[in-house]
Amino acid sequence: MAWFKKEPLVGAKDGKVRMPEGLWIKCDSCKEIIYKPELERNANVCPRCQFHFRISARARIDLLVDPGNFEERNATIRSQDPLHFKDQKGYPDRIKAAKKATGMEDALLAGVAAIGGHRVSLCSLEFGFMGGSMGSAVGEKVTRAIEDAIRERLPFIAISCSGGARMQESVLSLMQMAKTSAALARLGRARLPYISILTDPTTGGVTASYAMLGDINIAEPNALIGFAGPRVIQDTIRQELPAGFQRAEFLLAHGFVDMIVERKNLRRTLIQLLDFFAGASGAPAAPLRP
């Protein structure tokens, strides 16, 4: 007589075994099947080939800041529809769907945080919200985050993950490129550091404005970074592009980024840089909020 009875998994009323969904994920690079909890424990980096999966804006912030030390600001700023833009869907419908998918009002999460005891002004783009595209709301929130850094004498850190300017806002979106760049010029005149973190992908108007203007530009491994995509460029110039074109390693070799840092080492690297900038300024780290 058996000591136990083998029961079918949940949902197997017809006698067929049902595996729980969502426990496994296929790596886009090495095609290995990875146990999802293992992937999450490894900061969403493939343990086999070190491929860096995209993660949410909030997950990026949680990985970098001191526990419980992020204060979100300007959370209610949201995009309008001044052009009454419509393609297959109306722009308000696309915004509504993106809000439902991400729980965010727009594609940027911004606020003040502590990293290794250093207070910083920090913003992070959410690719899940219309491809992390920069419209008027995103440009305004980036600008306000820079202005917070100037007013409170804080370093500024921006994490980019974007397809570029938001076409549904046309020239109003393109204006944000000049707006954010002008704010960074004021940050530079205030002699405050700006660290830009470039993740996959960082393209279009975001690349052509604030993302590439850091005092230190840090890229994640193999991140796609550029203005127009490589396929568009190749089809336009009708020439074969170099191997690895527009990937982080190519940009590092050609002087467009300062370093490539794996996700697991990014917080430690930021703390070292913030320690350096605090020492170079001759001032102690900004005190933490009570």
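The values are calculated or read from the model by the stated rules, or taken from the named source; none is laboratory data. Small disclaimer: the values here were computed from a predicted structure and weren't measured. FYI the Cβ positions are ideal-geometry reconstructions off the backbone, even for glycines, and counts take in every protein chain you see.
Looking only at the range 211-248, filter to residues that are under 22 Å from Arg267 (Cβ atoms) and of a type outside the set (A, V, I, L, M, F, W, C); which one of those is nearest to the chain's Cα centre (by Cα)? Walk me through it before giving the result.
Here is the first cut: in the range 211-248, the ones under 22 Å from Arg267 (Cβ atoms) are 211, 214-223, 225, 248.
Applying the additional criterion that residues be of a type outside the set (A, V, I, L, M, F, W, C) yields 214-215, 217, 220-222.
Values: Gly214: 15, Asp215: 18, Asn217: 13, Glu220: 10, Pro221: 14, Asn222: 14 Å.
Restricting to residues being under 22 Å from Arg267 (Cβ atoms) and of a type outside the set (A, V, I, L, M, F, W, C), the top hit is Glu220.
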Exercise for review: Of the numbered conditions (1) without any contact (Cβ under 8 Å) to a residue 60 or more places away in the chain; (2) in contact with a Pro (Cβ under 8 Å, 6 or more places away or on another chain); (3) in a strand (DSSP E or B), Ser160 fails exactly one; give the number of that condition.
Suggested key: (2)
Exercise for review: Starting from the range 119-135, take each residue that is farther than 24 Å from Asn69 by Cα and without any contact (Cβ under 8 Å) to a residue 40 or more places away in the chain and list its partners that are polar (S, T, N, Q) and surrounded by 24 or more Cβ atoms within 10 Å (Cβ to Cβ), counting only C-beta distances under 8 angstrom and pairs at least six apart or across chains.
Suggested key: Gly131/Ser162
Review point. If a residue has to be part of a helix (DSSP H, G or I) and of a type outside the set (Val, Ile, Thr) to count, how many in the range 108-145 make the cut?
Key: 10
Check your understanding: Restricting attention to the range 121-138, does a residue exist that is surrounded by fewer than 24 Cβ atoms within 10 Å (Cβ to Cβ) and among the charged types (D, E, K, R)?
Key -> no
**Study point:** Any helices (runs of 4 or more DSSP H) falling wholly within the range 27-107 and containing at least 3 residues that are outside the structural domain of Ala149 (by TED's automatic domain parsing), free of Cβ contacts under 8 Å to residues at least 60 places away in the same chain and at negative phi
**Key:** 36-41
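Identify all residues within the range 101-112 that are surrounded by 23 or more Cβ atoms within 10 Å (Cβ to Cβ) and either hydrophobic (A, V, I, L, M, F, W, C) or within 24 Å of Leu266 (Cα to Cα) (or both); write none if there are none. So that I can check it myself, show each step before the final result.
Looking only at the range 101-112, we keep the residues that are surrounded by 23 or more Cβ atoms within 10 Å (Cβ to Cβ), and these are 106-110.
Passing the criteria: Ala107, Leu108, Leu109, Ala110.
For Ala208, are the conditions met, namely being under 21 Å from Leu122 (Cβ atoms), touching a residue at least 12 places away in the same chain (Cβ under 8 Å), surrounded by fewer than 22 Cβ atoms within 10 Å (Cβ to Cβ) and over 14 Å from the mean Cα position of the chain (by Cα)? Can you show your working first?
Details: under 21 Å from Leu122 (Cβ atoms): no; touching a residue at least 12 places away in the same chain (Cβ under 8 Å): yes; surrounded by fewer than 22 Cβ atoms within 10 Å (Cβ to Cβ): yes; over 14 Å from the mean Cα position of the chain (by Cα): yes.
It is false that Ala208 is under 21 Å from Leu122 (Cβ atoms), touching a residue at least 12 places away in the same chain (Cβ under 8 Å), surrounded by fewer than 22 Cβ atoms within 10 Å (Cβ to Cβ) and over 14 Å from the mean Cα position of the chain (by Cα).
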Check your understanding: Is there a residue being of a type in the set (A, V, I, L, M), at pLDDT 95 or above, at negative phi and surrounded by 15 or more Cβ atoms within 10 Å (Cβ to Cβ) anywhere in the range 230-243?
Key -> no
Check your understanding: Can you find a residue in the range 109-122 that is charged (D, E, K, R) and closer than 23 Å to Val206 by Cα?
Key -> no
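Which ones in the range 79-94 are surrounded by fewer than 14 Cβ atoms within 10 Å (Cβ to Cβ) and closer than 24 Å to Ala158 by Cβ?
Taking the range 79-94 as the starting set, the residues that turn out to be surrounded by fewer than 14 Cβ atoms within 10 Å (Cβ to Cβ) are 80, 82-84, 86-89, 93.
Gln80, the sole residue that qualifies.
Assess whether Asp200 counts as being touching a helix residue (DSSP H, G or I) at 6+ places or on another chain (Cβ under 9 Å), closer than 21 Å to Pro230 by Cα and of a type in the set (D, E, K, R).
On the way: touching a helix residue (DSSP H, G or I) at 6+ places or on another chain (Cβ under 9 Å): yes; closer than 21 Å to Pro230 by Cα: yes; of a type in the set (D, E, K, R): yes.
Criteria met by Asp200.
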